[in-house]
């Protein structure tokens, strides 16, 4: 039977919900006799809370916890009358009560495990913070790479065979070359697709009378901007045209 208790075993049992075979535990803890260890167990600990007693014919699945499996030899010959299992806390406290050198050594093992656990609790937030920082760096690098790729794509010439997304192949092939270039440019610069919705604003309603008023106001504005000298030159040119028109037999 393996009676050596190591730090590795202590780490496996620390914060474990498994239960320990009493036939292994009392010898590892340094008790000289099983009946002496059992008296200590019954005197200081509560059944079905700190330890569990199981008839030999009962299946281990009936126990409330999994068993910490270790090769165990029965201290008495013949078939055991009962199987006893200790919780981890009960096992540690029985080590304190045993006042043996083995019990002291086991207590040191579990104290070491607790110190490791406390140190881990302090280190875990630091590790999480470093992990988050690394994730932020990776995300920033990813965005920088995506931006660089986009800039490179904008600098490189578009292939003459490239069909922008959203276009039907047959429709695209019927477009003139200049339209193809235009729509390639629109896709690259503005991500234009044939199905994109374009907001169409209706022109305000206007009547023909309003149009004439607008035209007259525009003419008056233009005439108002002509100087007196230009008006005289315009009248002289007008008279000259009328004179030529009459000389050809036109009516005044």
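The values are calculated or read from the model by the stated rules, or taken from the named source; none is laboratory data. The structure displayed is predicted, hence computed values, not measured ones. Neighbour counts run over all protein chains shown; Cβ positions are idealised from the backbone, glycine included.
Overview of results
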quantity	calculated
Residue among 106, 84, 19, 67 that alone is at pLDDT 85 or above and under 26 Å from residue 117 (Cα atoms)	19
Filter result (under 20 Å from residue 81 (Cα atoms), in contact with a strand residue (DSSP E or B) (Cβ under 9 Å, 6 or more places away or on another chain) and buried (at least 16 other Cβ atoms within 10 Å of the Cβ)) within region 27-49	41
Pairs where the first residue, in region 5-20, is within 13 Å of residue 109 (Cα to Cα) and the second is modelled with pLDDT of 70 or more and not in a helix (DSSP H, G or I), C-beta under 9 Å, 6+ apart	5/29; 9/68; 12/18; 12/68; 13/20; 13/68
Residue match in region 164-172 (condition: surrounded by 10 or more Cβ atoms within 10 Å (Cβ to Cβ), in a helix (DSSP H, G or I) and modelled with pLDDT under 85)	no
